[in-house]
């Protein structure tokens, strides 16, 4: 599985704040290591307020960072396209952002998996599904979005020859996000809020609507009734 790397970019500073590696089953995890920072302790000693499940960047990153800047304990699970090389996905958080999160008393913790590792049988040793459950346990809210899946497909295509392009990595990412979301819901706290940020096309594809349990896009995403949906 490809390693998810996270770096803190220290604008105007001579050094870079790094993130410790803390493997979690078949997930790769990174946690901020700023001195005397609540960014680590809050995430490690309590259940998260919010779990965000999304492709890299896009709305998932915005939601994760903003929730942490408001003082929330956030875990962002990033689903990436299968990588054809040893190169890693990079997610950059500026030192200004990390300082704002710390000042607000928030926290942000990241882990990630390739899409294919979530789609194999859960009994397979390469499956990341059970590790998602461990990592997300007790969360109060779950937010999911597919935003960024197309960009991940384009990134994957850059690693392929012209003859190899045209695969379905974006659909694999969407399917994997559904798997991760259902795993997170299964171990969430009582009364968990489930939020999906959808495009208009995705909402139109849900013929049964958001109130019909287990039906359509939203039922497939969470395995049950959705509490809230935000339409872009």
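The values are calculated or read from the model by the stated rules, or taken from the named source; none is laboratory data. Note that this is a predicted model, so its numbers are computed, not measured. All Cβ positions, even for glycine, are placed from backbone atoms using ideal geometry, and neighbour counts span all protein chains on display.
Before moving on, here are some points about what is shown:
- Here the condition is being out of contact with any strand residue (DSSP E or B) (no Cβ under 7 Å at 6 or more places or on another chain) and over 19 Å from residue 195 (Cβ atoms); of 80, 95, 122, it holds for 122 alone.
- When we screen 162, 184, 149, 200 for residues that are modelled with pLDDT of 85 or more and over 15 Å from residue 82 (Cβ atoms), the only hit is 184.
- Only a single criterion out of (1) assigned to a helix (DSSP H, G or I); (2) at pLDDT 85 or above; (3) closer than 22 Å to residue 67 by Cβ is not satisfied by residue 221, namely (2).
- Selection from region 51-62 of residues that are touching a helix residue (DSSP H, G or I) at 6+ places or on another chain (Cβ under 7 Å) and either buried (at least 24 other Cβ atoms within 10 Å of the Cβ) or at pLDDT 95 or above (or both): 51, 52, 53, 54, 55
- Pair list, Cβ < 6 Å and 6+ apart or interchain, from region 157-172 residues that are on the phi < 0 side of the Ramachandran plot and touching a residue at least 24 places away in the same chain (Cβ under 8 Å) to residues that are outside any helix (DSSP H, G or I) and surrounded by fewer than 10 Cβ atoms within 10 Å (Cβ to Cβ): 159/85
- Residues being free of Cβ contacts under 8 Å to residues at least 40 places away in the same chain and within 13 Å of residue 183 (Cα to Cα) - total across region 86-145: 1
- Residue within region 187-194 that is more than 20 Å from residue 135 (Cβ to Cβ), surrounded by 12 or more Cβ atoms within 10 Å (Cβ to Cβ) and at pLDDT 85 or above present: no
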